[in-house]
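One structure below.
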Amino acid sequence: MTWFWRAGASLACIALVGAALTGGRTGLIGMTMGLGGSLFNLWALWAAIKLLGTLPPSGRTASLGSVFVVVAFLAKVPIFVGLVWLTYKVGEAAPPCFLTGLGLVYSGLVGWVLAPR
C-alpha cells in the first residue's frame, strides 16, 4: 500500500469521526454518502476510461466485467442524484457533510494527480 492510499484512508477516517462529532448521526450519514458516492463515481469513470484504452481482438464478445463497467458508468449519475436526494431527506447536518465528503474526494484526486511519482 502506497503512502497516498494510507493518507487518503486516514483522512477519510478523520472526516468520518469529525462529521460524527459535529453533526451527530445525520452528519455521519451525510459524510458516508458523500465519500461513497464520490468514490463510486471516480471508480466508474476510471474503469470506463481503462476499458476504452484496451482494444479487444476482433470477433471477441464482451466479458462480464466489461459489461459491469459499462453499466456502472451509465448508472453513476442516477445513483449520485439518488444519494443527493436521500441526503436532503435525512436533513439536519447531512447535506453539508455530504458536500464536504464530495469535496474531500475530489481534492484527494487533485492531490493524487499532482503528487510526485
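Here are the numbers for the structure shown:
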item	result
Selection count where residues are open to solvent by less than 60 Å² (accessible area, probe 1.4 Å), closer than 17 Å to residue 105 by Cβ and without any contact (Cβ under 8 Å) to a residue 60 or more places away in the chain, scope the range 41-59	3
Failed condition for residue 94, given (1) more than 22 Å from residue 13 (Cβ to Cβ); (2) modelled with pLDDT of 90 or more	(1)
Qualifying residue in the range 23-30 (condition: of a type outside the set (A, V, I, L, M), within 15 Å of residue 105 (Cα to Cα), open to solvent by less than 90 Å² (accessible area, probe 1.4 Å) and in contact (Cβ under 8 Å) with a residue 12 or more places away in the chain)	yes
The range 60-117 - residue that is assigned to a helix (DSSP H, G or I) and among the hydroxyl-bearing types (Ser, Thr, Tyr) and, of those, surrounded by the most Cβ atoms within 10 Å (Cβ to Cβ)	87
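The values are calculated or read from the model by the stated rules, or taken from the named source; none is laboratory data. Bear in mind that the values here come from a model prediction, so they are computed numbers and not experimental data. When we count neighbours, we look across all protein chains shown, and the Cβ atoms used for this are built from the backbone with ideal geometry, even at glycine. Areas reflect the complete protein model, heavy atoms only, side chains present, ligands, DNA and RNA absent. Shrake-Rupley method; radii C 1.70, N 1.55, O 1.52, S 1.80 Å.
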